[in-house]
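> I am attaching a structure below and will ask some questions about it afterwards.
The values are calculated or read from the model by the stated rules, or taken from the named source; none is laboratory data. Just so you know, these numbers come straight off a predicted model, no measurement behind them. Cβ atoms come from the backbone with ideal geometry, glycine included; neighbour counts cover every protein chain shown.
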Amino acid sequence: MSLEALPPELVDQIVVELPLHDIASLRLTSRTLASTATPEHYERNFHTHHLELTDWHLKRFVAFVSGGGLAHLLRHLTVIAPVYNPLELENDVKYKATKAPVFYADGEFDKIDSISLGYKDLMQTGLDLDILRLQRHQHTEFVNRGGHIALLSRAFGMLKTLDCKLYTITAEVAVYRAPEGKPLMPLYGGGWKHIWTAADVALASIFASLDTSGLQARHLNLFNNSRMLRCSIACDKFSNLAHNSGYLDTFLGNLESLSMSISDKIILSSNTDPMDLHDFSFDAEWDPHATWRTVGAKLCEASDEQNFGGLSEMLRKCRRLKCLEVSHFKLDHRSPVISQAQSKGILSALQRSNLQTVEKLTLEGFDTSEDHLLEILRSLPQLRDITLRCMRMYKGGHWNTVLNHCTATMEEVYLDSLFGPKTLHFKAPYAIRDACDEQRGYYAGLKARFRSDSTDPTDCRAAGRNDEIAASKQIEYSHYKGSELPESPKRSWLRDLENRFGPPGYGGEACLSGRLAPEQIWRHSP
């Protein structure tokens, strides 16, 4: 068998075990490798690494960095916490049927139907279930004994010794719903509580390893990219981090940008609230023997200041932060006041953090009041660029004062899907429509962009727009009426917002095993 015909995983393992001079010699054994694997291409492969927090992957990564050589070229590291969720296979075995998606005529997901399994398929499903359960058990034991933190800390320490100039650390989650299957993005991963637990594991392991090793990076991303829809870290989990450690204090103090998706605290609705709630079974949710908590009791827990103390303390350590992106993911779909209380708590933590150096701010998915949002903006003296997406004013608030403040004090303002509480329809000259909007179901007027430099020719989409911009710096809007919103685009748009900002729903999109499009599978490029 030729070298080119070997599985990539086998070649990868060979390379990990070889010293640097032998890796260079390996190119000489194959004309294809010699002609295509140029030194520049070879070097680029070491700039980015995706590391899964499993025993096998972590040991390989330790072997890679312990060899020295080109490990110091690493610039972008993605740390991935795996989820082994057997619930779909358990339901298939229990009901002797598998799930299949049903779509609307326009291609949008509608519901899940069942397809009966034959004898052979049922036996194979049972075997797959046993293997996946074993994988989950082994990984749980590995995490419980702290093996992931020990190996990651060791690798981080070696990178620091190599004087690695790391640019970015990204935390992500990947979901396995079948053994030997491809990892799925959280949006298609079923039970959301498993995903939130894995996000906590990733966050804790990264911060513990940074605390031990002293490794530095410029940018930190916590579950806040297009691949991490329906994945977030609960706001109270930041209180578990060692903020006062010398190494961690230095790491946070040197950060230039921080991007994170923060969800509500997970608040149990009953004394039988299970881990697998919101996957494919409604039985547990409507347990007739459960004792259900009142909205008042849950609201009291949601409003507790201790939920947000760790977040505020972490942000205060970011003394050189230039760019901050915060997305809020709602969890409670029955009582909006509970998510509103936690939204207010997260924004208040940001306001108390004394972020004197932030120049660019993105806020997404928050419910807020007019006065509170203005207080936050005024607490950031260096702010020059702001993005507001899927923001909702409550208590009868209006957007005029906030938008006027933004256009008067900032160089660039980007607005997308604002509610007050009705949907805002932006008017010319600042209303925009991106090239991909029509495909995603967005309609004209949902977005607006303002730039203080009106002479930029790229900012003008139509003749005479320069004159309109020069005449007024006020972003004007009206409110959409229900009759103006076509049903199909509206459904697509609302689903997009729900995927990004919650609530997580029942994971129906996950019932697509074997039928996922490439863009639905976890891949190296988000």
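> Those residues that are part of a helix (DSSP H, G or I) and either within 20 Å of His72 (Cα to Cα) or among the polar types (S, T, N, Q) (or both), I need them from region 146-163; list them, please.
Leu151, Leu152, Ser153, Arg154, Ala155, Phe156, Gly157, Met158, Leu159, Lys160, Thr161
> Give region 326-339 a look and list any residue that's in contact with a Lys or Arg (Cβ under 9 Å, 6 or more places away or on another chain) and buried (at least 20 other Cβ atoms within 10 Å of the Cβ), or say none.
If the condition is that a residue be in contact with a Lys or Arg (Cβ under 9 Å, 6 or more places away or on another chain) and buried (at least 20 other Cβ atoms within 10 Å of the Cβ), then Ser327, Phe329, Leu331, Asp332, Ile338, Ser339 are the ones that fit.
> What pairs can you find where one residue is in region 194-208 and more than 10 Å from Lys237 (Cβ to Cβ) and free of Cβ contacts under 8 Å to residues at least 60 places away in the same chain, the other is of a type in the set (Val, Ile, Thr) and in a helix (DSSP H, G or I), and their Cβ atoms are less than 7 Å apart, with a gap of 6+ or different chains?
Ala208/Ile149
> Then there is this: Return the residues of region 415-431 that are more than 18 Å from Thr368 (Cα to Cα) and in a strand (DSSP E or B); say none if nothing qualifies.
Once the filter is applied, which keeps residues that are more than 18 Å from Thr368 (Cα to Cα) and in a strand (DSSP E or B), region 415-431 yields His425, Phe426, Ala431.
> Would you check if Leu26 is surrounded by 15 or more Cβ atoms within 10 Å (Cβ to Cβ), at pLDDT below 90 and either among the aromatic types (Phe, Trp, Tyr) or outside the structural domain of Phe207 (by TED's automatic domain parsing) (or both)? Break it down into steps so the answer makes sense when it comes.
Working: surrounded by 15 or more Cβ atoms within 10 Å (Cβ to Cβ): yes; at pLDDT below 90: yes; either among the aromatic types (Phe, Trp, Tyr) or outside the structural domain of Phe207 (by TED's automatic domain parsing) (or both): yes.
So Leu26 passes the test.
> Can we say Gly420 is in the same structural domain as Leu258 (by TED's automatic domain parsing), under 25 Å from Arg495 (Cα atoms) and touching a helix residue (DSSP H, G or I) at 6+ places or on another chain (Cβ under 6 Å)? Let's see the steps before the verdict.
Details: in the same structural domain as Leu258 (by TED's automatic domain parsing): yes; under 25 Å from Arg495 (Cα atoms): yes; touching a helix residue (DSSP H, G or I) at 6+ places or on another chain (Cβ under 6 Å): no.
No: the conditions fail for Gly420.
> Regarding region 172-182, can at least one residue be identified that is under 23 Å from Phe61 (Cα atoms) and among the small types (Gly, Ala, Ser)?
To start, the set of residues in region 172-182 that are under 23 Å from Phe61 (Cα atoms) comprises 172-176, 179-182.
Within this subset, residues satisfying the condition of being among the small types (Gly, Ala, Ser) are 174, 181.
Taking every residue of region 172-182 in turn, at least one turns out to be under 23 Å from Phe61 (Cα atoms) and among the small types (Gly, Ala, Ser).
To keep it simple, each residue is scored yes or no on (1) over 24 Å from Tyr188 (Cβ atoms); (2) surrounded by fewer than 17 Cβ atoms within 10 Å (Cβ to Cβ).
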residue: Lys59; (1), (2): yes, yes
residue: Thr78; (1), (2): no, no
residue: Tyr95; (1), (2): no, yes
residue: Asp113; (1), (2): no, yes
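> Restricting region 345-391 to residues that are over 16 Å from Thr407 (Cα atoms) and of a type in the set (Val, Ile, Thr), which is surrounded by the fewest Cβ atoms within 10 Å (Cβ to Cβ)?
Thr357
> Oh, and also: Scan region 195-214 and tell me whether some residue there is touching a helix residue (DSSP H, G or I) at 6+ places or on another chain (Cβ under 9 Å) and either part of a loop (DSSP other than H, G, I, E, B) or not assigned by TED's automatic domain parsing to the domain that holds Arg320 (or both).
yes
> In this structure, is Gly310 crowded, with 21+ Cβ neighbours inside 10 Å and under 30 Å from Asn85 (Cβ atoms)? Explain how you work it out, then say what you get.
Numbers: crowded, with 21+ Cβ neighbours inside 10 Å: no; under 30 Å from Asn85 (Cβ atoms): yes.
Spelling it out, it is not the case that Gly310 is crowded, with 21+ Cβ neighbours inside 10 Å and under 30 Å from Asn85 (Cβ atoms).
> Which residues, taken from region 345-404, are of a type in the set (A, V, I, L, M, F, W, C), in contact (Cβ under 8 Å) with a residue 60 or more places away in the chain and not in a helix (DSSP H, G or I)?
Cys390, Trp399
> Checking the structure you have, find out if any residue of region 122-140 is farther than 30 Å from Phe61 by Cα and either modelled with pLDDT under 90 or surrounded by 18 or more Cβ atoms within 10 Å (Cβ to Cβ) (or both).
Of the residues in region 122-140, the ones farther than 30 Å from Phe61 by Cα are 122-127.
Checking which are either modelled with pLDDT under 90 or surrounded by 18 or more Cβ atoms within 10 Å (Cβ to Cβ) (or both) leaves us with 125.
Scanning region 122-140 turns up at least one residue that is farther than 30 Å from Phe61 by Cα and either modelled with pLDDT under 90 or surrounded by 18 or more Cβ atoms within 10 Å (Cβ to Cβ) (or both).
> Output the residues belonging to region 426-450 that are under 13 Å from Ser478 (Cβ atoms) and modelled with pLDDT under 90.
Once the filter is applied, which keeps residues that are under 13 Å from Ser478 (Cβ atoms) and modelled with pLDDT under 90, region 426-450 yields Ala428, Ala444, Gly445, Leu446.
> Condition test on Glu43, is it under 27 Å from Asn225 (Cα atoms), in a helix (DSSP H, G or I) and at pLDDT below 90? Before the answer, list the steps.
Details: under 27 Å from Asn225 (Cα atoms): yes; in a helix (DSSP H, G or I): yes; at pLDDT below 90: yes.
Yes; evaluated as a whole, the condition is true for this residue.
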